[in-house]
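Here's the structure, in structure tokens; my notes come after.
Read-outs throughout are calculated quantities, based only on the coordinates presented, and are distinct from any laboratory measurement. Keep in mind that this is a model prediction, so the values were computed, not measured. Quick reminder, even Gly has a Cβ in these numbers, built from the backbone with ideal geometry, and neighbours come from all protein chains shown.
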Amino acid sequence: MLNAVKNLLTRRQIIGSGMGILGVGMAGLVTRNSPAIAQPAYKPAKEPPIPDEKKLGWAVVGLGKFATQQIIPSFSQCKQSKLVALVSGDRAKAENYARQYNVNPKNIYNYENYDSLRNNPEVDIIYIVLPNGLHAEYTIRGAQAGKHILCEKPMANTVEECQAMIAACNQANRKLMIAYRAQYEPFNLEAIAIAQKKQLGQLKAIVADHGRNLDPKDPADIWRMNKKLAGGGSLFDIGIYSLQAARYITGEEPTEVCAMTYSTPNDPRFKEVEENVNFILRFPSGVLANCTSSYGYSSTKRFQVFGSNGTLELDPATDYYRHQLTVKREKVQEERQIQEQNQFALEMDHLSESVMQDRQPKTPGEEGLQDVRLMLAIYEAARTGRTISVDSRE
Ligand code: NAD
């Protein structure tokens, strides 16, 4: 942790020691000559949380890497959501986490008795953190058990599965939200506001890159090499962030996609799923987005936006913390200073609030369906070598 802060300081000091561009005296901006300030990864929310008994109760399904390292610890930062139940195939593991996070052992379920969550009034919302190929089944069963659903990205493997998930939640009159955490994360929200308020002038191009090296020794990466469980390769797992960024920065839906894929021959990781996908999206306003997605290059999570009067870069853009947003206009380069917040807590509280206020969450099932539709069009474009027209959202 200390090292990470040291690295951050070093990086920012390097930026700070750059050429002498004039600072602009605006709150919230760090110019090249401003002192570097390291921010804590997570800062507790300012307002006091509502009393525990008023928070909505959540069950987390799947106690894998992401659930145990990011999601479950984040409930402590939530203002409207509390962890009350766990669903796992491994009872001992679930008991361990139940002890650690003060979950009543009577609220531990497995995949067989999952449906009996219907009899547990403490649980309002189910968070599905399973391999992608299981999202549809557990969302549908969860909705049929009368619970609202937060489902991890990608929503599912096929358009038909996504449609069935939406239909099941509608039929049960339950909310369905897809866990697009970047759409709740303050640096990404700032980048969206800058782009959409035309602070960069007319948007012209977006470049978005998301990749990492798939590690066959990591248990969390085993199912990611299996097409049935993963739905696709790097695109379904991490390239989806490049696709999302292009969509939320423009606020538009693409009309055409073209793409190429490449997987290193004989690399056993890529027998069933692809390593690399580069794709271009055309948006109605004329913005072209160049996106890359890889399971072969080292960890990269960034995007750049190019407008007629300026550019912005968010790098990292979709990490869990320590985002860095640089805006360049005319001759001024600014580093935006924004309070980091726990994006998982913000995301979960958004759904709790949507349930309490009976309103549609910002990233509903239809948002997840659109990405699945587009990712399948990207694969089709790569397979056929053609530019594929994509219909606007139904
Ligand atoms: P993981 O392998 O660590 O966790 C998956 C969990 O599902 C494990 O506990 C495993 O035991 C359980 N499981 C149940 N049935 C299984 C089966 N048939 N095969 C394999 N596992 C089974 O994976 P993860 O990295 O935690 O990913 C889980 C989900 O979370 C995925 O949908 C992934 O895309 C998503 N995710 C999202 C983010 C994000 O930033 N939003 C980050 C990481 C993962």
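Remark: the stretch 235-249, residue by residue, has Karplus-estimated 3J(HN,Hα) of 4, 5, 8, 10, x, 4, 6, 5, 4, 4, 4, 4, 6, 7, 6 Hz, where x stands for each Gly or Pro and the curve is 6.51 cos²θ - 1.76 cosθ + 1.60 at θ = phi - 60°.
Give 65/175; 82/197; 217/271; 204/227 a once-over and call out the pairs whose C-alpha atoms are over 28 Å from each other. Write down the numbers at each step before the final one.
Values: 65/175 26 Å; 82/197 36 Å; 217/271 16 Å; 204/227 35 Å.
Check vs 28 Å cut-off fails for 82/197; 204/227.
Could you tell me which trypsin sites (Lys or Arg not before Pro) in the stretch 153-239 are loop residues by DSSP with no more than 10 other beta carbons within 10 angstrom of their beta carbon? Counting only loop positions with at most 10 other Cβ atoms within 10 Å, the trypsin sites (Lys or Arg not before Pro) in the stretch 153-239 are 197, 217. Taking a ≥ b ≥ c as the square roots of the eigenvalues of the Cα gyration tensor, the stretch 272-351 is classed as oblate, since a/c reaches at least 1.5 and a/b does not exceed b/c.
Starting from the Cα gyration tensor of the stretch 55-138, take the square roots of the eigenvalues, sort them a ≥ b ≥ c, and report rounded, prolate or oblate (rounded when a/c is under 1.5, otherwise prolate if a/b is larger than b/c, else oblate). Note, shape of the stretch 55-138 comes out rounded.
A viscosity of 0.692 mPa s and a temperature of 37 °C, combined with the Kirkwood radius over C-alpha pairs in the Stokes-Einstein formula, give the chain a diffusion coefficient of 149 µm²/s.
Comparing 317, 179, 92 in a Gaussian network model of the chain where C-alpha atoms under 10 Å apart are linked, the largest mean-square fluctuation is found at 92. The Cβ shell under 11 Å around residue 235 holds other residues with a net charge of -4, Lys and Arg each +1, Asp and Glu each -1.
Can you give the extra length, in nm with one decimal, that the chain gains between residue 362 and residue 119 once fully stretched, where that is 0.36 nm per residue apart less the Cα-Cα distance? Intermediate values should be presented prior to the final figure.
Details: separation 243, 0.36 × 243 = 87.48 nm, distance 2.86 nm.
Net length gain for the segment: 84.6 nm.
Nearest 5 is fine: what % of DSSP beta bridges in the chain come out antiparallel, could you say? Roughly 60 percent of the DSSP beta bridges within the chain come out antiparallel. Using θ = phi - 60° in the Karplus curve 6.51 cos²θ - 1.76 cosθ + 1.60, the 3J(HN,Hα) couplings for the stretch 109-115 round to 10, 10, 6, 7, 8, 3, 5 Hz; x is entered for Gly and Pro. Multiplying the residue separation of residue 69 and residue 106 by 0.36 nm and subtracting their alpha-carbon distance yields 11.0 nm.
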